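As structure tokens, the structure follows; a few thoughts come after it.
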Amino acid sequence: MTKAATLKKHLRRGKIYRRSDLEQWSKSVDREVAELVKEGVLQKVATGIYHYPKKNAFGKEPPQEDELIQKFLKSNKFLITSYNYFNGLGIGTTQLYNQKIVYNHARSGEYKLGTKRFIFKKKNTFPDKPTKEFIFVDLVNNINNLAEDQPKILENVYQQIQNLDSKSFKEVLQQYGTSKTRRLLAHAL
């Protein structure tokens, strides 16, 4: 049995591994991981991060986003969101975006993990889960990044936030809104 096969015995399908996770089972991790990648057992999703995919009727399953980002950041403190969430607010946004936004405490920048692109934004605070109030605040925070008619979107936001609980919206606005967002939305409340 080769050393790579010995390493493979310790791996579980569907799991994501950092190189450092594999060191406990091998003395020559890089060589054995390279061999497993060449054989198609492991897939390299980022520098030093590997996925042992599950198989289904359609082929190999991609890694779970949250587990992938958790391994990449070495932390479970992050929020995955998307500009596509704005389309569900009833304010007239219709553009589809194929990038996810990851708010976190560690990294900023655009990274490709596996086959997906993520925009990492380093923030001091963000909620555990995106609420409707947070999505409105996030929309105005990122309005310059949208491929939409911005004045029309803002006008629709002003109308829609009237339907929200004003106390909880003010709290979310103070906690997560930029100074520009607070200034833009202060008169609408």
### Task
Would you mind computing Rg(Cα) / (2.2 N^0.38 Å) for the stretch 66-186, counting N as its residues?
1.07
### Query
Can you work out ³J(HN,Hα) from phi for every residue in the stretch 98-110, in order, using Karplus 6.51 cos²θ - 1.76 cosθ + 1.60 and θ = phi - 60°, giving whole Hz and x for Gly and Pro?
10, 10, 9, 9, 10, 7, 7, 9, 10, 10, 10, x, 9
### Query
Nearest 20 debye, what's the magnitude of the dipole of the chain about its Cα centre given +1 on Lys and Arg Cβ and -1 on Asp and Glu Cβ?
820 debye
### Cut-off under 5 Å, modelled amide H: who pairs with K15 long-range
Y52
### Query
In debye to the nearest 20, how big a dipole does the stretch 3-63 give about its Cα centre with +1 on each Lys and Arg Cβ and -1 on each Asp and Glu Cβ?
180 debye
### Query
What share of all Cα pairs of the stretch 3-63, in percent, falls into each consecutive 10 Å distance bin?
24, 60, 15, 1
### Query
Highest mean first, what order results for 157-163, 78-84, 52-58 on Cβ atoms within 10 Å?
78-84, 157-163, 52-58
### Message
Taking the alpha-carbon distance from K116 and a cut-off under 15 Å, which aspartates and glutamates remain once sequence neighbours fewer than 8 residues away in the same chain are dropped?
### Response
E61, E65, D66, E67
### Summary
Sorted by chain and then number, the residues having a modelled amide H within less than 5 Å of the amide H of L113, at least 5 places away or on another chain, are F118
### Message
Given the options I49, L68, F78, identify the residue whose Cα lies farthest towards the positive end of the charge dipole of the stretch 13-95 (+1 on Cβ of Lys, Arg; -1 on Cβ of Asp, Glu).
### Response
I49
## Note on the structure
HN-Hα couplings for the stretch 151-166 via Karplus (6.51, -1.76, 1.60; θ = phi - 60°), in whole Hz with x for Gly/Pro, come out as x, 5, 4, 4, 4, 5, 4, 4, 5, 6, 6, 5, 7, 8, 5, 5
## Note on the structure
Going residue by residue through the stretch 174-186, the Karplus relation 6.51 cos²θ - 1.76 cosθ + 1.60 with θ = phi - 60° gives ³J(HN,Hα) values, rounded to whole Hz and with x marking Gly or Pro, of 5, 7, 10, x, 6, 4, 5, 5, 4, 5, 5, 9, 4
### Query
Taking a threshold of 22 Å on the Cα-Cα distance, which of the pairs K9/K38; K44/K122; K71/K123; K8/K44; K9/K55 fall above it?
K44/K122
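Readers should treat all values here as calculations from the given coordinates under stated rules, not as data from a laboratory. These numbers come from a predicted model, not from an experiment. Cβ sites come from the backbone with ideal geometry, for glycine too, and all protein chains shown count toward neighbours.
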